[in-house]
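Following: one structure in structure tokens, then a few remarks.
Quick note: the coordinates plus some simple rules give every number you see, no bench work behind them. None of these values were measured; they are calculated from a predicted model. Every residue, glycine among them, receives a Cβ derived from its backbone with ideal geometry; neighbour counts consider all protein chains shown.
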Amino acid sequence: GEDVEQSLFLSVREGDSSVINCTYTDSSSTYLYWYKQEPGAGLQLLTYIFSNMDMKQDQRLTVLLNKKDKHLSLRIADTQTGDSAIYFCAEFVYNQGGKLIFGQGTELSVKP
Amino acid sequence: DAGVTQSPTHLIKTRGQQVTLRCSPKSGHDTVSWYQQALGQGPQFIFQYYEEEERQRGNFPDRFSGHQFPNYSSELNVNALLLGDSALYLCASSFPTANYGYTFGSGTRLTVV
């Protein structure tokens, strides 16, 4: 089946690290993505990781992939109030054309 | 370089009416996908268009239909609107293999009353 799950809420203090977790079910997924959505806006691609990688770092963002457990995480270092948003994990599923399967989103609240 | 452009940004329709939403893909992209995002939910895949044909479809009724034009822009049509069709409709463009992700527009907020 195709399913992506995330915890719904995360609250951190400014300057701390945030870790957002995600589990997915489709073992054939080739790419996994993290998107950010601010209120009233569309989706902004933050980063992605190919399924044969364990880790990817991009400035303050670190993505960890445990393919055996189908677990993906996004770590945001030195979290700022501007990072407050909803973060979506998505897996790319290819079947006569590709589609993204999204989780429900994790609402990150950063307190000063 | 313009990203994905969607129009209109907001609209209000009455139950039973029909609506058409429009999308222009990012320059260089030739594949357009549509997603429905209900309030508090993640986006759900509606369908994808490539070379002016529907290539893949999600679990949506036939009331949802689409079209892709030779310039790669796309339309989403919804007939016989229901209250439950109220949502943010997102258009995403990509290369056919989507290796580098999808670029999303800001969406059209549809309210059905």
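Evaluate the range B:53-69: report whether one residue or more is in a loop (DSSP other than H, G, I, E, B), surrounded by fewer than 21 Cβ atoms within 10 Å (Cβ to Cβ) and at the interface with chain A (Cβ under 9 Å from one of its Cβ atoms). Yes, the range B:53-69 has at least one match. The residue of the range A:1-16 that is nearest to the other protein chains (Cβ to nearest Cβ), among those that are assigned to a loop (DSSP other than H, G, I, E, B) and closer than 14 Å to A:ILE86 by Cα, is A:LEU8.
Across the range A:50-60, the number of residues qualifying as within 12 Å of chain B (Cβ to nearest Cβ) and within 18 Å of B:THR103 (Cβ to Cβ) comes to 0. Would the range B:51-70 turn up any residue that is of a type outside the set (Val, Ile, Thr) and touching a residue at least 40 places away in the same chain (Cβ under 8 Å)? Taking every residue of the range B:51-70 in turn, none turns out to be of a type outside the set (Val, Ile, Thr) and touching a residue at least 40 places away in the same chain (Cβ under 8 Å). Would you say B:THR31 is in contact with a Phe, Trp or Tyr (Cβ under 6 Å, 6 or more places away or on another chain), buried (at least 21 other Cβ atoms within 10 Å of the Cβ), more than 17 Å from A:PHE92 (Cα to Cα) and within 11 Å of chain A (Cβ to nearest Cβ)? In short, no. Taking the stated definitions as given, is B:GLY42 within 24 Å of A:TYR48 (Cα to Cα) and buried (at least 21 other Cβ atoms within 10 Å of the Cβ)? Taking the combined requirement at face value, the residue satisfies it.
Which of the residues spanning the range A:28-64 are among the hydroxyl-bearing types (Ser, Thr, Tyr) and in a strand (DSSP E or B)? Result: A:TYR31, A:TYR33, A:TYR35, A:THR47, A:TYR48, A:THR62. Checked against (1) closer than 30 Å to A:GLN6 by Cα; (2) in contact with a Pro (Cβ under 9 Å, 6 or more places away or on another chain); (3) part of a loop (DSSP other than H, G, I, E, B), B:TYR72 passes all but condition (1).
Just so you know, in the range B:34-67 the residues that are among the hydrophobic types (A, V, I, L, M, F, W, C) and under 14 Å from the mean Cα position of the chain (by Cα) include one that is farthest from A:TYR94 (Cα to Cα), and it is B:ALA38.
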